[in-house]
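Take a look at the structure below.
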Amino acid sequence: MNQAHCLSFIEQPFPSKLNPKIQSLFGSLKQNSFALLESTPQPFQTTTSKRLAVCFSGGPAPGGHNVIVAIAKLCENHHNLFGVMGGFGGLIKGQLKPLTLTDCESYYNIGGFDLLKTDRTKLTKQAHYDAIKQVVKQHQLDAIIIIGGDDSQTNAIFLADALAELSCSVIGVPKTIDGDLRYPPYLPISFGFYSACDVYIELINNLIRDTQSIQKYWHFVKLMGRTSGHITHYVGTKTKADLFFLGEYLAKDSMTLSDLVKHIGDFILKSTHNKKPYGVICIPEGLLEWLPDIKQLINGLHLDPAIGDSAMAFSSLSATNKTILQQFPAYIQNQLLLERDAHGNIQLSRLETERLLIDLVKHYLAEQDPNFSFHGIPHFYGYEGRCTHPNSFDANFCTQLGHIAGSLALNGYTGYMAGIDPTHNPNQAYGIPIAQLLTHETRNNNTVVVVKKTTVLN
């Protein structure tokens, strides 16, 4: 893939068909039932100068700056590039600044999203779309490139539909360390996953070495990954942690919280009996949401993120859910009743699942043997990996994704996400129709249309 010129694309059938109920939501994107495949050998030649904007959205991931540098290289000397300051919130407010290759180059291979900053604004109101339309008109934008995860790509596809009347394209770039944006063969993983995992692997290997040195302590490590267990699966496998749990499998086996506590407690008893009273146990950030009894409780929490009223949330629970909630320690009850994020999710990074498991396992072990000595230490690894420098895989991957996204935008396509398999087919670029990735999901007891996440089991 020659990164010195803009790519051209041809159409090929996409393996899935858009749900008719979802299709009815879009007036201008119904034709996006095909994937775009990079054509050869002639590059696309733009005859007129275009004006592109690029925007970070959601949490940082290693390699994001390389995406922007690649787009800037594509625009150099012929097209105008603008950076959106502060994510979708900045886009709504019209906070754009001109970007040149010189502005971006010093950020190449640098972690973080600090060149443009980011936020988690969700486009939920017509006023949001109206404001962005005014920004598009004011800056005469031909395209907006959104670098973000599944919720950000959901924003992108609805924005693409809204801006079609202005002939302004919207293109997505798949970003999330969670690894739950993957659609083989077009996209095997989202960028940032492997770089973040490298950090977590080093940290956990240090813990393992420490326990082997001093021969004590059980470390309970919660790893980022709200819905999917991809990070925990990859890191747990690479480090050979004593135990690691994936919510997908716990749900498949209908394992309750008490079942999980018993499993961990029995493992610790057996390990100690075998002269190994120490170890490392890894769990995903979203573990509790996969347990059927706790999922029932979480689904019953009617908490409007704009209200933040814990008393209202508690009063809305059924008698069964109130009983479940009251069995938790006070700190977990308070954390469950915290405000939800902009997408209606309970803020699991604030939920001290690792501490909860230590407390419950300690209680279980005391019931089995009042004299049993157990010392658990909680850890949460997430933010440590989000802004690390990209490893060589993500550095190259992001450069390719930026080149593809810029090419899609300059070609005038809209509603597509850049894709490539850098390991097995590094010379084949794709445009993935975002609308084909949409599904219905229940959030805050409301059915919404969102980009589907991929879990360990699918």
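Condition first: touching a residue at least 12 places away in the same chain (Cβ under 8 Å) and either within 16 Å of His5 (Cα to Cα) or of a type in the set (Phe, Trp, Tyr) (or both). Can you find one or more residues in segment 89-100 that meet it? Within segment 89-100, not a single residue is touching a residue at least 12 places away in the same chain (Cβ under 8 Å) and either within 16 Å of His5 (Cα to Cα) or of a type in the set (Phe, Trp, Tyr) (or both).
Applying the criterion of at least 3 residues that are within 28 Å of Lys295 (Cβ to Cβ) and in contact with a strand residue (DSSP E or B) (Cβ under 7 Å, 6 or more places away or on another chain) to the helices (runs of 4 or more DSSP H) found wholly in segment 160-266 leaves 230-239. Is it true that some residue in segment 329-341 is modelled with pLDDT of 80 or more, among the small types (Gly, Ala, Ser) and touching a Ser or Thr at 6+ places or on another chain (Cβ under 6 Å)? Scanning segment 329-341, I find no residue that is modelled with pLDDT of 80 or more, among the small types (Gly, Ala, Ser) and touching a Ser or Thr at 6+ places or on another chain (Cβ under 6 Å), so the answer is no. Quick one: would you say Phe380 is among the aromatic types (Phe, Trp, Tyr) and either outside the structural domain of Lys270 (by TED's automatic domain parsing) or within 26 Å of Asn334 (Cα to Cα) (or both)? For Phe380, the condition - among the aromatic types (Phe, Trp, Tyr) and either outside the structural domain of Lys270 (by TED's automatic domain parsing) or within 26 Å of Asn334 (Cα to Cα) (or both) - is met.
What is the residue count in segment 317-337 for residues that are polar (S, T, N, Q) and more than 30 Å from the chain's Cα centre (by Cα)? Even if it seems obvious, please write down each step before you answer.
Initially, segment 317-337 is screened for residues polar (S, T, N, Q), giving 318, 320-321, 323, 326-327, 333-335.
With more than 30 Å from the chain's Cα centre (by Cα) added as a condition, the list becomes 318, 320, 323, 326-327.
Matching residues across segment 317-337 total 5.
Scanning segment 154-176 for residues that are more than 22 Å from Thr439 (Cα to Cα), among the small types (Gly, Ala, Ser) and in contact with a helix residue (DSSP H, G or I) (Cβ under 9 Å, 6 or more places away or on another chain) yields a count of 1.
Does at least one position in segment 379-387 carry a residue that is of a type in the set (Lys, Arg), within 22 Å of Gly59 (Cβ to Cβ) and at pLDDT 95 or above? The answer is yes; a qualifying residue exists. Which residue pairs have Cβ atoms closer than 6 Å, lie 6 or more positions apart in sequence or on different chains, and pair a first residue in segment 282-310 that is in a loop (DSSP other than H, G, I, E, B) and buried (at least 22 other Cβ atoms within 10 Å of the Cβ) with a second residue that is of a type in the set (Gly, Ala, Ser) and modelled with pLDDT of 85 or more? Hits for this filter: Glu285/Gly225; Gly286/Gly247.
Against the list (1) in a strand (DSSP E or B); (2) not assigned by TED's automatic domain parsing to the domain that holds Thr272, the condition Gln436 fails is (1). Considered as a group, the residues in segment 358-395 that are touching a helix residue (DSSP H, G or I) at 6+ places or on another chain (Cβ under 8 Å) and among the polar types (S, T, N, Q) include one that is surrounded by the fewest Cβ atoms within 10 Å (Cβ to Cβ), and that residue is Gln368.
Mind counting the residues in segment 190-236 that are within 24 Å of the chain's Cα centre (by Cα) and without any contact (Cβ under 8 Å) to a residue 12 or more places away in the chain? Full working, then the answer.
Of segment 190-236, the ones within 24 Å of the chain's Cα centre (by Cα) are 190-204, 220-236.
Narrowing further to those that are without any contact (Cβ under 8 Å) to a residue 12 or more places away in the chain: 202.
Number satisfying all stated conditions: 1.
Scanning segment 199-209 for residues that are surrounded by fewer than 19 Cβ atoms within 10 Å (Cβ to Cβ) and touching a Gly at 6+ places or on another chain (Cβ under 9 Å), we see that the one that is nearest to Leu243 (Cα to Cα) is Ile208. Listed here are the helices (runs of 4 or more DSSP H) enclosed by segment 41-125 that have at least 3 residues being β-branched (Val, Ile, Thr), more than 28 Å from Val449 (Cα to Cα) and assigned by TED's automatic domain parsing to the domain that holds Ile144: 64-75.
If I filter segment 255-274 for residues that are under 19 Å from the mean Cα position of the chain (by Cα) and assigned by TED's automatic domain parsing to the domain that holds Ala319, do I get at least one hit?
Taking segment 255-274 and keeping what is under 19 Å from the mean Cα position of the chain (by Cα), we get none.
No.
The values are calculated or read from the model by the stated rules, or taken from the named source; none is laboratory data. The structure presented is a predicted model; accordingly, all values stated were derived computationally and were not measured. Every residue, glycine as well, gets a Cβ built from its backbone with ideal geometry; the counts of neighbours run over all protein chains shown.
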